[in-house]
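Taken together, the values in this text are just the output of simple stated rules run on the coordinates, not laboratory data. Computed from a predicted structure; not experimentally measured. Methodologically, a virtual Cβ is constructed for each residue, glycine included, from the backbone with ideal geometry; neighbour enumeration extends over all protein chains shown.
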Amino acid sequence: MQPALPSTIIAAFALALAGYATGRAAPAPFDIVVRGPAASCTIEVGGRTITPQELLATARPEAKPGRSARILLNTNDVPYRCIGGAIYSLQSAGFEEVTVLDPQRRPLM
């Protein structure tokens, strides 16, 4: 006799199926660009350069259930402290999923 599926798996499957049945696509990710080098890393949202504090304020209303965030790097030389700060700000704003993409738009992790 096989064990029953955990209720969380059943619920996740039901939610995915409901989204598929209604034809709703996942919301577009919230994209930011982090530029290096270490001495002067910057963050851009919608083509506008912002500070880490402004990122938190800008990202908070964008963090809706089911929406992810993406950090796009302009070079492979962006220091980890810049990437880590952006990840921290996006998670603090409420994004549960944050993906970092290299300049060729491939996930780093």
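Quick one: which residues, 5+ away or cross-chain, put their amide H under 5 Å from the amide H of Asn74? H built at 1.01 Å from N.
Here Val34, Gly36 satisfy the definition.
Please compute the modelled spin-label separation between Gln104 and Tyr88, points set 7 Å along Cα→Cβ, answer in nm with one decimal.
3.1 nm
Return the distance in nm (one decimal) between the two label points of a simple spin-label model at Val45 and Ala26, each offset 7 Å from Cα along Cα→Cβ.
2.1 nm
Between Leu56 and Thr75, what is the label-point separation in nm under the 7 Å Cα-to-beta-carbon projection?
2.8 nm
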